[in-house]
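The values are calculated or read from the model by the stated rules, or taken from the named source; none is laboratory data. These numbers come from a predicted model, not from an experiment. When we count neighbours, we look across all protein chains shown, and the Cβ atoms used for this are built from the backbone with ideal geometry, even at glycine. The area values use the complete protein model at the heavy-atom level, side chains included, leaving out ligands, DNA and RNA. Shrake-Rupley method; radii C 1.70, N 1.55, O 1.52, S 1.80 Å.
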Amino acid sequence: MLPKLHTSLPAPSMALTCRTPEGRERPYIGALRRHERVALTAVLPRSTGAGAVVLRIFADGSSEGTDLPFTYSGGDPLTDIYTLDITPGDFMREESGLYFYEFIIPRGMDTLFSDTRNNVDFTLVSESRGRFRLLVYADDYRTPDRLGGGIMYHVFVDRFFRGKGETRYRDDSVVDDNWAGGVPQYAVRPGDPVKNNVFFGGNLWGVREKLPYLATLGVTVIYLSPIFTAASNHKYDTADYLHVDPCFGGDAAFAALLEAAHAAGMSIILDGVFNHTGDDSVYFDRYDRYGSGAWGDPDSPYRKWFFFKDVPEGEERGDSSFASWWGIPILPKLNTSEPSCRDFFIGEGGVCEKYIRMGADGWRLDVADELPDEFLDGLRRRVKAVSPDAAIIGEVWENAADKVSYGRRRSYFRGGQLDSVMNYPLRSALIGYAETGDAVFLADELKDIYSSYPRPAADVLMNIVGTHDTERILTVLGAPDKVRDAAGLSNAERAAVRLTADERRRGLEKLRVVSALQYAVYGFPCIYYGDERGMEGLGDPFCRYPMVWDERTDAALTEHYRRLAAVRKCPVFDRGEFAVARAEEGYIEIVREKKTDDGTVRVRVGANLGSRPAVMHVDGDRTELYTGCGGRGDVTVAPCGFVFIKEEIGNTEDENKCSENS
């Protein structure tokens, strides 16, 4: 009798290793410096029947690829090994650019193609499908050292704290004295016009007074909502870029804050709103408050700063006679391609330079997608010429490596524009993980972002879970259905939405895990004011209530954030290596590692939003950084639990520091 033959062979596969000049190894190519050379190794089961391995790479928008064949380098009876050394000069002449690539494996009667879902992991399939993303960036691209291991705190100035110091409000402003019980001003329906002229009295003096509190949270960077003179409480409708609003304490309060923050070891990042201004501004002056504005004076020096449309003779000019941001008439769009407008912001002595020279430590750029490449190029040159370590962070809601806005591929991370972006994709991934318990989904998003971005940018991503433009994270995690249902509510109904006791408990449990991951991954965490004290609320303006300083504070949650800050003092969280080690059901495990002068430090972070306990396998001694507890061997991570496990690799100074700071 003949032996029974197997009717199927294992699915074809290929393992890739990319070795960098620094000796790092990773299972993907990732973003490359223009003249960086990496060594690729492909290992395939001999049963795959590979006749060759080819890297085929396409320039963005091109259907014609460049083939770079691997060299057969031997193997053993079960495997074949192929190698290839590449540098961007092998497939491009430009100094930077976006490319897409795939691996091709001819084998007799057919050809296999790589297919990736997350820019790292891939399968081999019979047709060309999901290609990898490869961004080539400038050799000299560097990002600020101060951001890497830091913690940012986002202050919405009017709602943070009323400090003692001189302030002055416009005549048409309304000050609500009910800090604890007041409700932010709102229109009847979401999106309807609202004056936003009701203030609660927060100011820069108050931020200065609360620096000791921020220090207890480990804050190293304060990001201020717009502070320049404007009619509204949010101040995204700038009236005068050359002065800090008197209602926030004016230029004197800003100078005092800078001095005190720097003395406390904290940096100050300003919100740069350079895409549009207010209609009630020095520059547009729709209401004749200032004189010589563009609206009423065709000969105004600011006339070319805006996009006016011809109005038929005899017709009155209205909102449609000029371009505005998203059609909001109080926010006329600036023409930053006009030389005089551009120079006002990014020329010598312009707005960007002025505040950096005053002591500001960088800019967060509002709606960066709306700003032309030429403007962003010039802004970086100007800011970095004054202070090379100043930060430039863009508001970008999608993956910034391949972002398209207004039909154009953007160049944010090619080395000449941004240092960092607000990491909205991470926020979406963490919220998705919290709602579904799908750790594989979160792992895919983490890999996709990390492998897409230049390492200098990935190391300083602004990791958010809440902002002034989003629902409060506690509300999102505790009652996702209420957030979804809010779209059909009036603003009065939205203002009344509160978490039940069960929803709040559930939200707090998930927030502990989500924030642990926010603090653990590449980049730096950003706390939106009050999230660390348990504030609730739906979207704008209900995410902008006055800060909770009284007995409503969730003290246990605040202490949780303080302990996370202590964990982040471990050196692995300052530009350390990152990898996803495991993702199964609701459990995800990541590894942070860093080589220092004293040895190698490694921390494994496990988080579990599944329904069953998970086990992290540990050999030898270990220390849990969040609790400071030591032990040996495996660790069980309970549902809604997390751990920061420092493995004992060697008795180094830096490892001891991790333990001392926990």
Extension gain (nm, one decimal) between residue 569 and residue 337, 0.36 nm per residue minus Cα-Cα:
79.2 nm
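Let a ≥ b ≥ c be the square roots of the eigenvalues of the Cα gyration tensor of the stretch 279-324; is it rounded (a/c under 1.5), or, if not, prolate (a/b larger than b/c) or oblate? Walk me through the numbers on the way to the answer.
Values: a/c = 1.69, a/b = 1.60, b/c = 1.06.
In terms of gyration-tensor shape, prolate.
What number, in percent, do you get for the relative contact order of the chain if the mean sequence gap of Cα pairs under 8 Å and at least 6 apart is divided by its residue count? Spell out each step's value before the answer.
Values: 1480 pairs, mean separation 70.9, N = 662.
That works out to 11 percent.
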Taking R0 as 51 Å and r as the Cβ-Cβ distance between residue 187 and residue 611, the FRET efficiency 1/(1 + (r/R0)^6), rounded to the nearest 0.05, comes to 0.75
What is the spin-label model distance, in nm, from residue 169 to residue 317 if the labels are put 7 Å beyond Cα along the C-beta direction?
3.2 nm
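Within the P(r) computed for the stretch 168-255, what percentage of the Cα pairs occupies the region above 15 Å? Spell out each step's value before the answer.
Values: 2465 of 3828 pairs.
Above the 15 Å cut-off, the stretch 168-255 has 64 percent of its Cα pairs.
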Which whole-number percent gives the relative contact order of the stretch 321-457, counting Cα pairs below 8 Å spaced six or more residues apart?
18 percent
First select every other residue whose beta carbon is under 10 angstrom from the beta carbon of residue 138; then total the charges, Lys and Arg +1, Asp and Glu -1.
+1
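Using packing as a proxy for protection, rank 13-21, 636-644 so that the peptide with the highest average count of other Cβ atoms within 10 Å comes first. Don't skip to the answer; put the middle values down first.
Working: 13-21: 15.8, 636-644: 19.2.
The peptides rank, most packed first, as 636-644, 13-21.
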Using the per-residue mean of other Cβ atoms lying within 10 Å as a proxy for protection, in what order, highest first, do the peptides 157-169, 37-49 fall?
157-169, 37-49
Determine, from the Cβ-Cβ distance of residue 240 and residue 52 and an R0 of 60 Å, the FRET efficiency 1/(1 + (r/R0)^6), rounded to the nearest 0.05.
0.40
If the chain between residue 289 and residue 385 were fully extended at 0.36 nm per residue, the gain over the current Cα-Cα distance would be 31.0 nm
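At 0.36 nm per residue, and after removing the present C-alpha to C-alpha distance, how many nm does the segment from residue 308 to residue 493 gain when stretched out fully?
Length difference between fully extended and current span is 62.8 nm.
Output the antiparallel fraction of DSSP beta bridges having both residues in the chain, as a percent to the nearest 5.
Details: 84 of 110 bridges.
Percentage antiparallel, nearest 5: 75.
So if R0 is 25 Å, what FRET efficiency would residue 500 and residue 559 give, r being the distance between their Cβ atoms, rounded to the nearest 0.05? Can you show the working numbers first?
On the way: r = 24 Å, r/R0 = 0.96.
Given R0 = 25 Å and the Cβ-Cβ separation, E is 0.55.
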What is the Cα centroid distance between the stretch 33-69 and the stretch 225-256, reported in whole angstrom?
53 Å
Assuming a ≥ b ≥ c are the square roots of the Cα gyration tensor eigenvalues, decide whether the stretch 145-205 counts as rounded (a/c under 1.5), prolate (otherwise, with a/b larger than b/c) or oblate.
oblate
Roughly how many Å² of residue 234 are accessible to a 1.4 Å probe, to the nearest 10?
30 Å²
Using helices alone, what [θ] at 222 nm do you get for the chain, with -39,500 (n - 2.57) per DSSP H run of 4 or more residues, divided over all residues and rounded to the nearest 500?
-6500 deg cm²/dmol
How do the peptides 402-409, 583-590 rank, highest first, by the average count of neighbouring beta carbon atoms within 10 Å per residue?
583-590, 402-409
Quick one: if you stick a label point 7 Å off each Cα along the C-beta vector at residue 213 and residue 142, how many nm between them?
3.7 nm
In the chain, taking the dipole from +1 charges on Lys and Arg beta carbons and -1 charges on Asp and Glu beta carbons about the Cα centre, the listed residue (615, 98, 352) farthest towards the positive end is 615
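Sort the stretch 321-426 into rounded, prolate or oblate with this rule: let a ≥ b ≥ c be the square roots of the eigenvalues of the Cα gyration tensor; rounded if a/c is under 1.5, and if a/c is not under 1.5, prolate when a/b is larger than b/c, oblate otherwise. Let's see the in-between values first.
Working: a/c = 1.71, a/b = 1.10, b/c = 1.55.
Oblate is the answer for the stretch 321-426, as a/c is 1.5 or above yet b/c matches or exceeds a/b.
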What's the center-to-center distance, using Cα atoms, between the stretch 437-490 and the stretch 337-413 in Å?
24 Å
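Strictly over 31 Å apart at the Cα level, which of 164/195; 304/403; 354/569; 333/403; 482/594 would you flag in this model?
Details: 164/195 27 Å; 304/403 29 Å; 354/569 33 Å; 333/403 22 Å; 482/594 42 Å.
With Cα atoms farther than 31 Å apart: 354/569; 482/594.
Given contacts defined as C-alpha pairs under 8 Å and at least six residues apart, what's the relative contact order of the stretch 77-161, whole-number percent?
With pairs under 8 Å counted, the relative contact order is 24 percent.
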